[in-house]
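> One structure is given below, represented as structure tokens, and several questions about it will come after.
Just so it is clear, none of the values below were taken in a lab; they were calculated from the coordinates. The model shown is predicted, which means the values in this text are computed figures rather than measured ones. Counting neighbours? That spans all protein chains shown, and the Cβs are built from the backbone with ideal geometry, glycine included.
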Amino acid sequence: MSEMQSRRRTSGYTLLEVLIVMSVVAILAAIAVPSFKYVTTSYRISAEVNALLGDMQFARSEALKQGQWVTICASTDGATCVGSGKAWNTGWIVFLDSNQNQTVNPNEAVIRVQPAFTGSDTFNASTGTFWYLTYAPGGYAPTGLAAAIALNLHDSSNNALYTRCLQVTQMGTPTAAKGNPPCT
């Protein structure tokens, strides 16, 4: 019988062992959660800036391929341009703009739509108004501005770790950068 009692005592975990394991798990979780937040937020921000960068490059390639003027503009409804402002987190559209008026007319096709961001991230031009970019059939898009324009993307915390920037030169060439301020 003493042999049976011995087996019962060794068949489970002691309270001390359970507490030690729970403490180790809690410490590891406390270290991992902030790192996980950084990874997920950084990935989301990068995806958002790369979406606009990719659509600007798409608009340029369509202008070259179609031999037509192509406009990319901020849009809140996926069908029309906003007409003013500097916020791009509301979404944007790419369309064939045969008369170069930055307005979707009945005979002009919308060829790509990006919906508004689902979170509270902001994507604004650093100065002035910059709500459209029109590429000529030759692939250039003169902005008419004296300097390059910067679109700064921030998360709701406005943390410099998550800030991204899309800089558009006077000839419409977009480039992405990281950091705060990555460009002005």
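> Restricting the calculation to Cα positions, tell me the Rg (one decimal) and the Dmax (whole number) of the stretch 122-170 in Å.
For the stretch 122-170, the Cα-based Rg and Dmax read 12.8, 41 Å.
> Another question about this same structure. If amide hydrogens are placed 1.01 Å from N in the peptide plane, which non-local residues have theirs closer than 5 Å to the one on residue 172?
Amide H to amide H, under 5 Å and 5 or more residues apart or across chains, residue 172 pairs with 141, 143.
> Most exposed first by the Cβ proxy, i.e. fewest other Cβ within 10 Å, how do 104, 25 rank?
So the residues, fewest neighbours to most, are 25, 104.
> Moving on. Give me 35, 98 ranked fewest to most by other Cβ atoms within 10 Å of their Cβ, as a rough exposure proxy.
Details: 35 9, 98 14.
Neighbour counts put them in this order, fewest first: 35, 98.
> Still on this model: Using the count of nearby Cβ atoms within 10 Å as a rough guide to exposure, how do 38, 132 rank from fewest to most? Kindly include the intermediate steps, with their values, before the conclusion.
Details: 38 13, 132 21.
Fewest-to-most Cβ neighbours within 10 Å comes out as 38, 132.
> On each of the three principal axes of the Cα atoms of the stretch 10-72, give max minus min coordinate, whole Å, ordered largest first.
Taking the Cα atoms of the stretch 10-72, the three principal extents are 80, 22, 10 Å.
> Based on the Cβ-Cβ distance from residue 61 to residue 84, what FRET efficiency comes out when R0 is 25 Å, to the nearest 0.05?
Computed FRET efficiency for residue 61 and residue 84: 0.40.
> What's the angle, to the nearest 10 degrees (0 to 90), between helix 15-66's Cα axis and the longest principal axis of the chain?
10 degrees
> Between the stretch 105-167 and the stretch 88-103, what's the alpha-carbon centroid distance in Å?
Here the two parts' Cα centres lie 11 Å apart.
> In bins 5 Å wide, starting from 0, what share of all Cα pairs of the stretch 76-184 does each bin hold, as a percent?
Spelled out per bin, shortest first, that is 2, 12, 19, 23, 21, 13, 6, 2, 1.
> Same structure, new question: Taking the Cα centre of the chain as origin, sum charge times position over the Cβ atoms of Lys and Arg (+1) and Asp and Glu (-1), and report the length of that vector in debye to the nearest 20.
Using Cβ point charges on Lys, Arg, Asp and Glu, the chain gives about 560 debye.
> Another one. Find which of 58, 22, 117 sits farthest along the positive direction of the dipole of the chain, computed with +1 on the beta-carbon of Lys and Arg, -1 on that of Asp and Glu, about the Cα centre.
So the residue we want is 22.
> In terms of modelled amide H atoms, which long-range or inter-chain residues lie less than 5 Å from the amide H of residue 153?
Sorted by chain and number, the residues that satisfy this are 164, 165, 166.
> Moving to a separate point now. Calculate the translational D of the chain in whole µm² s⁻¹ from Stokes-Einstein, where the hydrodynamic radius comes from the Kirkwood formula applied to all Cα pairs, the temperature is 4 °C and the viscosity 1.567 mPa s.
68 µm²/s
> How big is the stretch 59-123 along each principal axis, measuring the range of its Cα positions in Å and listing the largest first?
Largest to smallest, the principal-axis extents are 37, 21, 16 Å.
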